[in-house]
1. Top to bottom by accessible area (1.4 Å), largest first, where do W82, W28 land?
2. At R0 = 25 Å, how high is the FRET efficiency between L59 and A16 if r is their beta carbon distance? Nearest 0.05 is fine.
Amino acid sequence: MSELTIIALVAGSYAATNMDNLTILVSWMLAGNISRASVARGYAMATISVLAISTILGLSSYAIPVGLIGYLGVIPIGLGVWSLVGQFRGNQQGEVDAGAGAAFGIGATLTANSVDSIIVFAPLLADSQMVIDAYIASTFIVVAAVWYWMAKFASQRAAKLDVVTKIAGWLAPFIMIFVGIYILMNTSTDVI
């Protein structure tokens, strides 16, 4: 398998399994009640976590009980409710940066929402040689960085539309709550 084939496979797989995370990122960036720095830190945590979990599962299917990942759905529900409370209190005008707490919540939400990525990348890493794993991991990180910049670009363009920004501020918490409920539900996309 050539390096270009690996890059195309990883980039395509990442794009196919992360469209929902792109939407969530743009929503958080537009909501305005969580700083962009916290969003960036949370996204970086999620990227590293998904790659690490995929690698561990790829190396040993006994490392983590995958069935427990779905219980992480309570984190986005909590973050969505917290954000809604902030909206009702009028915090949408000022940025709230709870530091590591907000970043951790974002990272946990995106990680919990990335089970499909883990399902795709764990077997890919399990079925390849160590040198190929290095190509997969480095391409994964580069594509994740591009994904973040795409979300930032989209949110900056949309932020110029005041109405879109106000709607996104109210929509983002509901998206987080929906993602959490979906993660908790037993659906056809679940591992178990």
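1. Numbers: W82 105, W28 0 Å².
Descending accessible area places them as W82, W28.
2. Numbers: r = 23 Å, r/R0 = 0.94.
The value I calculate is 0.60.
The values are calculated or read from the model by the stated rules, or taken from the named source; none is laboratory data. Keep in mind the model is a prediction, meaning the values are calculated, not measured. Here the Cβ is made from the backbone with ideal geometry for all residues, glycine too, and neighbour counts use every protein chain on show. In case anyone asks, the SASA skips ligands and DNA or RNA and just uses the protein heavy atoms, side chains included. Shrake-Rupley method; radii C 1.70, N 1.55, O 1.52, S 1.80 Å.
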